[in-house]
Amino acid sequence: MQCSRQSLGLAEASSCHYRVLLSVPSSRYSRAAGGSVPALQDDRCSSWRRATCSQRSLHSAIPAAPLSRATVDTRSVVTRAGAISSPVFGVNDIWQWRKAQLQKIALFTGPALSIPLADPIMSLVDTVCVGQCTGTLELAALGPTMLIFNLFTYIFTAITITTVSLVADKLRKQDIKAAGDALSSALFVATVFGLLIQAVLLVCSKQMVVLTGAAPALLEPSVTYLKIRAWSAPAVLISMVAQAGLLAQQDSFAPFIWVAVQSVLNVVGDLVLIMYFKQGLAGAAWATVVSQLVGTIGLVWMYRFRGQVRPTVQLPTLSQLTELSSTFGPASLIYIFKSLCYMMLQSSATALRPALVAAHQVLWQVWNLCAFGHTPMEQAALAFLPGTTDRNEYKELVKLLLGVGVIVGAVTAFVATAVPYYLPFLFTPDAQLWPIMKSIAPQCVLSMMLCAMDVSAAGILMACKDLLFLARAMTVSLAVLVGYFSVAKAQGWQLGGIWWGLALFFFIRAVQSSFRVYSRHLSARSVPAMSPFEVNKLQAVAITGEATG
């Protein structure tokens, strides 16, 4: 380009950036006759038409096209087909815009909470009932079993993001049949992987508990619980996909109601089987399995009455599986690395004496439940960022998402720490565990706040398809954590040292992801990503202009 910075602003082409004209001073334009798009008078700037991007980017040269008055956005000035100038926010306008966006985010993240919190709620109910009605040994035995089961299900959290993205995209195109096919493919994949997880847990449960480093006294009760919970693996994955499909249709009622039904059934089942029939861990496991099966059947049944999309029982085609795996594959890799980090922390804790393991189990279940509350921040970034139309709006929305992440982190840090700190008797009557639980409060607060910051920043990067960076960052975090726990094991650090490892893990992740967001999306030299939706809209404007011109 020969134009100066004062004449022309250009966006660097990258993996998630398109080379587009961002702003041109009004002095460079003259109004063409007939209400057409303003034309550049400076011939030196005509070379921008010939600028090309990488193979994945859009050519910036889009022919000039007549625009009707209805085409022009009231919040931004269209200076040329394919060039959108940044809006000018007044003081009152920006606060009104932020308020409106906060309301949209709140309405989105509210129902989205039902997807990641469903299984942790079941696990937390089991922890409370087992801690109150059995002994410390049974409570400690939940540690390795929860680690193994949650590891498998957490890896497939990525399929919920994939389902929401695909189904919503098909519905935006008003292709209901394709949306149903995408949902059916996701349900098929969830069923297959759920059956595989079930088979692995039934056959290799003892070996897997041993791999966690659990004490020998915990082996038998842990294996018993894990084998029973294995029967719910297909239902858990199918439920996650079914909830995602309803959420993509903006149906928040059905997921919420069936998560509530599952929770009530689980509590009733735990009370009956543990307190009345004295079944211990086995009773807690069966109560969870039955409640999850009922909830999954109810969710699938709701598709007969709610929404436009109707899943069918069919084998997906190769093209449908390819479309599904294009998003699910990279996202699941990130969750696998994260799960490995959690496994190291859990396996280090389960190798301690039973009293420490029991205290850790209570803290971990509460912390894990609050941490899953951050997941909708990723989904909010994926839902809202692609629809931004200009530079200022993009940056303001990024700032807003990061700010909401800090607020959510402060709230969840308070909850995750205050409940076991001030109300430890809710989880166990064993008074010797209470001081241990209170001693972990600083690590719990710090790690929870850093987790929320990282999730918000990572969601922004996921919306820009910056998955390669996220994978590299997770690799670095995993390598540092391996070194930390090697030192912790050699030095004989106890539960406090293990939880400082969790804080270190999220500190490294938050620093990497936050700096990436700032350098690529918020700094003075950064430029916003242009979503495929915006590219298609600009192309449509150009094509329409050519047809009418």
Just checking, does region 368-380 include any residue being farther than 25 Å from Ser165 by Cβ, under 21 Å from the mean Cα position of the chain (by Cα) and surrounded by 24 or more Cβ atoms within 10 Å (Cβ to Cβ)? yes
Residue match in region 455-478 (condition: without any contact (Cβ under 8 Å) to a residue 24 or more places away in the chain, surrounded by fewer than 23 Cβ atoms within 10 Å (Cβ to Cβ) and within 27 Å of Val366 (Cβ to Cβ)): no
Considering residues of region 134-173 that are part of a loop (DSSP other than H, G, I, E, B), touching a residue at least 40 places away in the same chain (Cβ under 8 Å) and within 25 Å of the chain's Cα centre (by Cα) only, the residue farthest from Glu220 (Cα to Cα): Thr157
Cβ contacts < 9 Å: first residue without any contact (Cβ under 8 Å) to a residue 12 or more places away in the chain, restricted to region 203-214; second residue part of a helix (DSSP H, G or I) and open to solvent by 20 Å² or more (accessible area, probe 1.4 Å), any location; separation 6+ or different chain. Result? Val210/Leu219
So, Ser291, is that one among the polar types (S, T, N, Q) and under 23 Å from Leu467 (Cβ atoms) or not? no
Can you find a residue in region 252-268 that is touching a residue at least 60 places away in the same chain (Cβ under 8 Å), outside any helix (DSSP H, G or I) and either among the hydrophobic types (A, V, I, L, M, F, W, C) or out of contact with any Cys (no Cβ under 7 Å at 6 or more places or on another chain) (or both)? yes
Can you say whether Tyr303 is closer than 29 Å to Glu378 by Cβ and either among the acidic types (Asp, Glu) or open to solvent by 20 Å² or more (accessible area, probe 1.4 Å) (or both), as far as the supplied structure shows? no
Does any residue of region 174-192 turn out to be within 26 Å of the chain's Cα centre (by Cα), more than 21 Å from Gln243 (Cα to Cα) and open to solvent by less than 50 Å² (accessible area, probe 1.4 Å)? no
Regarding region 381-392, can at least one residue be identified that is among the aromatic types (Phe, Trp, Tyr), modelled with pLDDT under 80, open to solvent by 20 Å² or more (accessible area, probe 1.4 Å) and more than 24 Å from Ala140 (Cα to Cα)? yes
Residues of region 489-506 satisfying the condition of being over 15 Å from Ser439 (Cα atoms), surrounded by fewer than 17 Cβ atoms within 10 Å (Cβ to Cβ) and touching a residue at least 60 places away in the same chain (Cβ under 8 Å): Lys489
Let me confirm something: among Thr145, Thr109, which residue is open to solvent by 20 Å² or more (accessible area, probe 1.4 Å), at pLDDT 75 or above and touching a Pro at 6+ places or on another chain (Cβ under 9 Å)? Thr109
Is it the case that Ser339 is buried (at least 17 other Cβ atoms within 10 Å of the Cβ), within 19 Å of Ile148 (Cα to Cα) and within 25 Å of the chain's Cα centre (by Cα)? yes
Which helices (runs of 4 or more DSSP H) sit wholly inside region 411-519 and have at least 1 residues that are basic (Lys, Arg)? 434-439, 467-491, 495-517
Count - residues of region 393-415 that are β-branched (Val, Ile, Thr), touching a helix residue (DSSP H, G or I) at 6+ places or on another chain (Cβ under 8 Å) and open to solvent by 10 Å² or more (accessible area, probe 1.4 Å): 5
The correct count of residues that are under 17 Å from Lys465 (Cα atoms) and either among the charged types (D, E, K, R) or in a helix (DSSP H, G or I) (or both) in region 376-394 is 12
Please go through region 237-258 and pick out each residue that is open to solvent by less than 40 Å² (accessible area, probe 1.4 Å), hydrophobic (A, V, I, L, M, F, W, C) and over 17 Å from the mean Cα position of the chain (by Cα). Ile238, Ala254
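The values are calculated or read from the model by the stated rules, or taken from the named source; none is laboratory data. Fair warning: this is a prediction, and the values are worked out from it, not measured in the lab. Don't worry about glycine lacking a Cβ; one is built from the backbone with ideal geometry, like all the others, and counts go over all protein chains shown. For the accessible areas, the whole protein counts, side chains as well, though only heavy atoms, and no ligand, DNA or RNA atoms are used. Shrake-Rupley method; radii C 1.70, N 1.55, O 1.52, S 1.80 Å.
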